[in-house]
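What follows is a single structure, written as structure tokens, with notes after it.
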Amino acid sequence: MTTTVNPVLGVAPAAPAEAAAHFRAGLAFHTDVSDVAAALGAGGDPGFVLVDSRSTEAWDQGHIPGALHLPTALVPEQAGRLLDRSVPVVTYCWGPGCNGAARAALALAELGYRVKEMLGGFEYWVREGLAFETWQGRERRAPDPLTAPVDAGDCGC
């Protein structure tokens, strides 16, 4: 009997302990829109500073309420003036197709900050129907049912 190996199992899954270490490490570096929204919406100090690493033009198109605008290119010269090294930082950029948040997180980590990247970025914040700000005030769009299931309250994960 011939056994056919499919593309999923062509490389065997890691041992459970290795997989746990890998995923635990990933959670040390990343958070998501739902978790950030929950922390910001709980009232009081969320325990981190949310940093929008996009350009001024992108910031003006819309940003997460309460975020600090610090474009990636300006991190080395402005982070020390704007951020407290004792407070963790969460970075975001446009969305999954943008690595600006990762580049900002790297720059901040190299300066001695504890940092995570918010997966999904501003795109998924808006797609989940969460409020955002522009120079004209607060806005909110209808949730995209593919990213924010009706009545789920979070990603349903």
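The values are calculated or read from the model by the stated rules, or taken from the named source; none is laboratory data. Note that this is a predicted model, so its numbers are computed, not measured. Cβ coordinates were reconstructed from backbone atoms using ideal geometry, including for glycine residues, and neighbour counts include every protein chain displayed. Accessible surface is based on the protein model in full, side chains and every heavy atom, while ligands, DNA and RNA are left aside. Shrake-Rupley method; radii C 1.70, N 1.55, O 1.52, S 1.80 Å.
Values for this structure:
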{"read-out": "Residue match in the range 15-30 (condition: among the hydrophobic types (A, V, I, L, M, F, W, C) and either in a strand (DSSP E or B) or over 26 Å from the mean Cα position of the chain (by Cα) (or both))", "value": "yes"}
{"read-out": "Subset of the range 31-61 that is of a type in the set (Val, Ile, Thr) and open to solvent by less than 60 Å² (accessible area, probe 1.4 Å) - its residue that is farthest from the chain's Cα centre (by Cα)", "value": "49"}
{"read-out": "Residue identified as surrounded by 13 or more Cβ atoms within 10 Å (Cβ to Cβ), over 15 Å from the mean Cα position of the chain (by Cα) and over 18 Å from residue 27 (Cα atoms) among 127, 141", "value": "141"}
{"read-out": "Residue list for the range 75-99, filter: within 16 Å of residue 31 (Cβ to Cβ) and not hydrophobic (A, V, I, L, M, F, W, C)", "value": "88, 91, 92, 95, 96"}
{"read-out": "Output for the range 32-58, where each listed residue is touching a strand residue (DSSP E or B) at 6+ places or on another chain (Cβ under 8 Å) and either free of Cβ contacts under 8 Å to residues at least 12 places away in the same chain or farther than 17 Å from residue 125 by Cβ (or both)", "value": "56"}
{"read-out": "Within the range 69-94, considering residues that are in contact with a Gly (Cβ under 7 Å, 6 or more places away or on another chain) and open to solvent by less than 10 Å² (accessible area, probe 1.4 Å), the one nearest to residue 36 (Cα to Cα)", "value": "92"}
{"read-out": "Condition broken by residue 98, with the remaining ones in (1) out of contact with any Ser or Thr (no Cβ under 6 Å at 6 or more places or on another chain); (2) under 19 Å from residue 41 (Cα atoms); (3) surrounded by 14 or more Cβ atoms within 10 Å (Cβ to Cβ) satisfied", "value": "(2)"}
{"read-out": "Filter pass, residue 66 being small (Gly, Ala, Ser), open to solvent by 70 Å² or more (accessible area, probe 1.4 Å), within 16 Å of the chain's Cα centre (by Cα) and more than 16 Å from residue 32 (Cα to Cα)", "value": "yes"}
{"read-out": "Pairs where the first residue, in the range 5-26, is closer than 25 Å to residue 119 by Cα and the second is not hydrophobic (A, V, I, L, M, F, W, C), C-beta under 9 Å, 6+ apart", "value": "14/22; 19/13"}
